[in-house]
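**Student:** I am attaching a structure below and will ask some questions about it afterwards.
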Amino acid sequence: MIDVRGRDLVTGLPKTIAVSSQACFTALEEATDAVVGGVKEVLERTPPELSADIMNKGIIMTGGGALVYGFDIRLARETGLPVSLADDPISCVALGTGKVLEGDF
């Protein structure tokens, strides 16, 4: 349990509530299910020549969602592929976007 402080959207007043890890899990479950389903769908439609590379090198997770505790383990379990996190998951998304915009890829 952890106390979280913020503004109550109903009353507009400051409020502190206790949040459990189970509550966080429940809140994220639908989103993580959708991501896992999307990854599986993309893998099913991937051409064979790319599938071999993915099977050998695995999936590298980027972005803030990659930092969700245990998400890499779940994705590995659900896909049967090796899954790792990028060195700096949050920054690499912005850096990669910059490289694409500059044509430096």
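The values are calculated or read from the model by the stated rules, or taken from the named source; none is laboratory data. Quick caveat: nothing in here was measured; it's all calculated off a predicted structure. Every residue, glycine as well, gets a Cβ built from its backbone with ideal geometry; the counts of neighbours run over all protein chains shown.
**Student:** Against the condition surrounded by 10 or more Cβ atoms within 10 Å (Cβ to Cβ), touching a Cys at 6+ places or on another chain (Cβ under 6 Å) and in contact (Cβ under 8 Å) with a residue 24 or more places away in the chain, how does T62 come out, does it pass?
**Tutor:** Answer is yes for this residue.
**Student:** Could you give every pair whose Cβ atoms fall below 9 Å, whose first residue belongs to the range 47-58 and is under 12 Å from T79 (Cβ atoms), and whose second residue is aliphatic (A, V, I, L, M) and part of a helix (DSSP H, G or I), counting only separations of at least 6 or pairs across chains?
**Tutor:** Qualifying pairs under 9 Å: S51/L43; I54/L43; G58/A76.
**Student:** Taking the range 82-101, which residues are more than 14 Å from G64 (Cβ to Cβ) and not in a helix (DSSP H, G or I)?
**Tutor:** P82, V83, S84, D87
**Student:** Quick one: is E78 among the charged types (D, E, K, R) and touching a residue at least 40 places away in the same chain (Cβ under 8 Å)?
**Tutor:** For E78, the condition - among the charged types (D, E, K, R) and touching a residue at least 40 places away in the same chain (Cβ under 8 Å) - is met.
**Student:** So which residues in the range 25-40 are hydroxyl-bearing (S, T, Y) and surrounded by fewer than 12 Cβ atoms within 10 Å (Cβ to Cβ)?
**Tutor:** If the condition is that a residue be hydroxyl-bearing (S, T, Y) and surrounded by fewer than 12 Cβ atoms within 10 Å (Cβ to Cβ), then T26 is the only one that fits.
**Student:** Here's a follow-up. Please pick out the residue among L9, L13, L75, L43 that is exposed (fewer than 10 other Cβ atoms within 10 Å of the Cβ), among the hydrophobic types (A, V, I, L, M, F, W, C) and either at pLDDT below 95 or in contact with a helix residue (DSSP H, G or I) (Cβ under 9 Å, 6 or more places away or on another chain) (or both).
**Tutor:** None of the other options fit; the residue is L9.
**Student:** Return the pairs, sorted by first residue and then second, in which the second residue is surrounded by 10 or more Cβ atoms within 10 Å (Cβ to Cβ) and among the charged types (D, E, K, R), the first residue lies in the range 10-29 and is outside any helix (DSSP H, G or I), the beta carbons are less than 8 Å apart, and the residues are 6+ apart or on different chains.
**Tutor:** As it stands, the answer is L13/R7; P14/R7; P14/D8; K15/R7; K15/D8, since those pairs meet every condition given.
**Student:** Ok, one more. Looking at the range 78-105, which of its residues are exposed (fewer than 12 other Cβ atoms within 10 Å of the Cβ) and closer than 22 Å to E41 by Cβ?
**Tutor:** Selection gives G80 alone.
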